[in-house]
Structure formats: structure tokens, C-alpha cells
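*Asks:* Sending over a structure as C-alpha cells; questions will come in a sec.
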Amino acid sequence: MEPPSRESALFERWLDGDERAFREIFELLGPTVVAIARRHGLGDAEAKDVVQQTFLGVHRARDDFRRGAPVRPWVVTIARNVVRDQLRRRYVRREDALELDGPIEPRVEAPEYGVPSAEALLTWAHKALAKLPEAQRRVIELHYVEGRSFADVAREVGCSEGAARVRAHRGYETIRGWLADPQSAGLDDPFG
């Protein structure tokens with residue numbers, strides 16, 4: 001019979017009440033958890049959070065651990081789940097940043113910005129909107145023009161709410177680019 005690995009021996013000691021063994025497990029497997037976090041593109045601060053959350057998870061789930069089972073794969077699984085949660089939170093924060101508070105009303109003083117008139121700028125914006133790919137154009141029309149929530153827009157176009165937000169964001173970015181260089185889209189310069 002093969003002798004238990006160092007991690008397994010330490011883990012068994014910890015389960016039996018030796019708190020110093022847990023510190024040794026932390027020192028032994030911590031670099032592995034950091035490597036997992038870094039492989040998924042997380043920075044130093046996020047990787048440290050992943051290590052803390054992973055070992056907190058190990059501590060909380062110790063009663064679920066099957067004695068005699070390999071420790072490293074169990075800890076790695078917990079670490080991967082923590083990384084997945086971290087990436088999911090990052091994505092949700094990015095989605096929230098895309099949310100607009102509602103339709104934006106044009107507040108352009110024509111002489112101040114060199115635009116012939118606010119109407120001319122709106123006419124240009126409608127032409128630019130018509131040039132967008134259908135998926136982006138439809139989402140912007142429903143959300144920005146009609147003032148509907150992204151949840152409603154997603155149901156209408158048949159995609160997830162996150163996908164609707166991303167489509168809108170990409171469409172807005174494209175229009176901003178065209179505003180900076182209208183000729184790249186074959187549009188007239190709205191500023192004269």
C-alpha cells in the first residue's frame with residue numbers, strides 16, 4: 001500500500017485538530033491556487049483573494065471531505081470554483097457599467113459645438129443608427145429610442161440580457177467612432 005502524500009498526512013492531522021497542519025497545507029498548496037488564478041487572467045490582488053476564499057472554502061467544507069481521498073484535486077476544484085465566481089462577478093460589474101439610467105436627451109447648443117443645429121445632429125445620428133448591424137441597431141432602438149429595459153429588449157430580440165447590453169455597448173462604441181471619423185462610415189460630418 002502506498003504511503004499517504006504529505007498533503008494527505010497534513011490534512012488528516014488538521015481534521016484531527018492540529019491547527020498548525022492547516023498552516024502547512026496553506027503554505028504547500030497556496031502557490032498552486034495562485035497559479036490557477038493567474039492562468040485565468042486574474043491579477044495579484046484578485047489572486048490573493050482567490051487564495052483566501054479557497055482556503056476559507058476548504059475550512060468550511062472540511063466535514064464533507066472523504067478521509068483518504070486525495071487532497072490536492074479537492075482543493076484545486078474549490079479554487080477553480082472560486083476563480084469562476086470571481087470572473088462571473090467581474091463580468092456582472094462590467095454589465096452593470098454598460099447600463100444606462102434611461103434615454104439620453106440631446107443637449108447640444110449648436111453654436112457652442114459647431115453643429116448647424118440639434119436637428120442636424122439627430123438626423124446624422126439616425127443615419128448612423130441605420131448603418132449598424134441589425135442586431136446592434138434593434139437593441140439600441142428598443143433600449144435607447146423606446147426607453148425599454150434591457151430585460152424587455154432581451155425578450156424581444158431573443159437573447160440574454162447580458163448579450164443585449166453588449167450589443168448596445170458595441171453599437172454605441174461604433175457610432176462614437178463614426179462621430180470622430182464620419183467618412184469611415186460614408187457619413188457626412190455632422191459638425192460642418
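*Asks:* Could I have the simple spin-label model distance between residue 77 and residue 127, label points 7 Å from Cα toward Cβ, reported in nm to one decimal?
*Replies:* Label at residue 77, label at residue 127, 6.1 nm between them.
*Asks:* Below 11 angstrom from the Cβ of residue 128, what's the summed charge of the other residues (Lys, Arg +1; Asp, Glu -1)?
*Replies:* That works out to +3.
*Asks:* Is the stretch 6-98 best put as rounded, prolate or oblate by its Cα gyration tensor, with a ≥ b ≥ c the root eigenvalues, rounded for a/c under 1.5, and otherwise prolate when a/b is larger than b/c, oblate when not?
*Replies:* Note, shape of the stretch 6-98 comes out prolate.
*Asks:* What nm distance separates the two modelled labels at residue 67 and residue 49, each placed 7 Å from Cα along Cα→Cβ?
*Replies:* Result for the modelled spin labels: 3.7 nm.
*Asks:* Something else now. Once the Cβ-Cβ distance between residue 176 and residue 35 is put in as r, and R0 is 30 Å, what FRET efficiency do you end up with, to the nearest 0.05?
*Replies:* Working from the Cβ atoms, E equals 0.15.
*Asks:* So how do 177-185, 63-71 stack up, highest first, on mean other-Cβ count within 10 Å?
*Replies:* Packing proxy ranking, top to bottom: 177-185, 63-71.
Every number in this text was worked out from the coordinates using simple rules, so none of it is lab data. Just so we're clear, the structure is a prediction, and the values are computed from it rather than from any experiment. No Cβ is skipped: glycine too gets one built from the backbone with ideal geometry, and neighbour counts run over all protein chains shown.
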